[in-house]
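For reference, the structure is listed below as structure tokens.
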Amino acid sequence: MARTKLVAGNWKMHGETAGNQALLDALKAGAATAKAAMAVCVPFPYLGQARAALAGTSIAWGSQDVSRHAQGAYTGEVCAAMLKDFECRYAIVGHSERRSYHGETDEVVAAKADAAIKSGLVPIICVGETLAEREGNITAAVITRQLDAVIASIGAAGLAKSVVAYEPVWAIGTGKTASPEQAQEVHASIRARVAKEDANVAAGLQILYGGSMKPNNAKELMAQPDIDGGLIGGAALVAADFLAICAAA
Ligand code: 13P
């Protein structure tokens with residue numbers, strides 16, 4: 001099955017109104033050169049700004065997290081319905097920074113993916129191993145454990161409405177990138193795990209790579225058969241770099 005490519009920017013906790021506007025305007029101006037679908041996942045306070053700038057363009061927007069709760073007394077949380085209200089398409093769930101700094105377990109991540117889908121958002125579900133886990137030769141076990149929790153929660157039917165992102169923790173923001181072969185091996189294993197549930201869903205699943213993807217390595221990574229795009233951190237803050245990655249897809 002031919003899968004389309006997606007390049008999503010994760011701005012993380014960066015931005016202010018004027019700088020965001022310049023970045024969004026530059027992305028809009030350059031979108032015609034993109035060979036992939038484009039999206040930006042911005043901090044919550046700037047979702048309205050992203051919507052105002054991007055509505056009617058080919059660029060989608062989304063959040064970097066979502067509550068697992070539908071509504072209620074959860075101070076500080078933002079639920080999926082609110083994100084839908086801002087016309088988000090995507091919500092990143094289970095980013096390694098959420099898992100490690102905010103104690104999000106596999107089960108919490110799976111519940112967030114479920115909440116996103118129930119509101120009509122597309123969760124970008126992040127999985128990935130730490131350096132110690134890779135060096136301990138348990139990468140496959142870690143990815144399988146993370147995926148199994150998601151499958152237990154949303155099943156193949158939910159994965160049909162999701163995007164998965166493989167983000168090796170040791171490659172995030174470090175300038176170290178997984179080699180195309182290393183990334184391809186994990187992407188293929190993710191697709192194989194999903195195929196055990198449903199071969200058609202597996203064949204259609206977009207699996208993005210994230211971790212120091214830059215203009216100079218994007219093409220080689222995205223040329224791998226199971227790498228369907230990128231989840232971009234640092235390079236998403238520089239319009240020319242993000243556009244170059246989108247053009248390399
Ligand atoms: P970098 O591209 O800065 O390594 O970040 C990757 C990432 O965490 C995207 O979610």
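No lab work stands behind these numbers, since they all come straight from the coordinates. All values derive from a computational prediction rather than experimental measurement. Because the Cβ atoms are built from the backbone with ideal geometry, glycine has one as well, and the counts that use them run over all protein chains shown.
Counted residue by residue at 0.36 nm each, then reduced by the alpha carbon distance between them, the extension gain from LYS161 to ALA32 reaches 43.8 nm.
Projected onto their three principal axes, the Cα atoms of the stretch 43-110 cover extents of 37, 26, 18 Å, largest first.
Above 19 Å lies some portion of the pair distances; for the stretch 116-198, what is it as a whole percent of all C-alpha pairs? Of all Cα-Cα pairs in the stretch 116-198, 38 percent lie more than 19 Å apart. Give the separation of the Cα centroids, the stretch 168-215 to the stretch 130-166, in Å. The stretch 168-215 and the stretch 130-166 have Cα centres spaced 10 Å from each other. If you bin all the Cα-Cα distances of the chain at 5 Å, starting from zero, the percentages per bin are 1, 7, 15, 20, 21, 18, 12, 6, 1, 0.
Whole-Hz Karplus values for the stretch 169-185 come out as 4, 6, 9, 7, x, 9, x, 8, 10, 4, 5, x, 5, 4, 5, 4, 4 Hz, taken residue by residue from phi with 6.51 cos²θ - 1.76 cosθ + 1.60 and θ = phi - 60°; glycine and proline positions read x.
Once backbone amide H atoms are built at 1.01 Å from N, VAL122 has TYR90, ALA91 as its partners under 5 Å, excluding neighbours fewer than 5 places away on the same chain. Ranked by the mean number of other Cβ atoms within 10 Å of their residues, highest first, the peptides 8-18, 218-228, 64-74, 119-129 come out as 119-129, 218-228, 8-18, 64-74.
Note on MET82, MET38: ascending count of other Cβ atoms within 10 Å places them as MET82, MET38, the fewest first. The HN-Hα couplings worked out from phi for the stretch 124-135 by the Karplus form 6.51 cos²θ - 1.76 cosθ + 1.60 (θ = phi - 60°) are 9, 8, 8, 9, x, 9, 7, 4, 4, 5, 5, 5 Hz, whole numbers, x standing for Gly and Pro.
In this structure, the amide hydrogen of ILE232, modeled 1.01 Å from its nitrogen in the peptide plane, lies closer than 5 angstrom to those of ALA8, GLY9, ASN10, counting only residues at least 5 positions away or on a different chain. Pairwise Cα distances in the stretch 13-54 exceed 16 Å for 32 percent of all pairs. For the stretch 146-249, taking the reciprocal of the average inverse distance between every pair of different Cα atoms yields a Kirkwood hydrodynamic radius of 14.0 Å. Across the stretch 28-144, the convex hull enclosing all Cα atoms gives 132 Å³ per residue.
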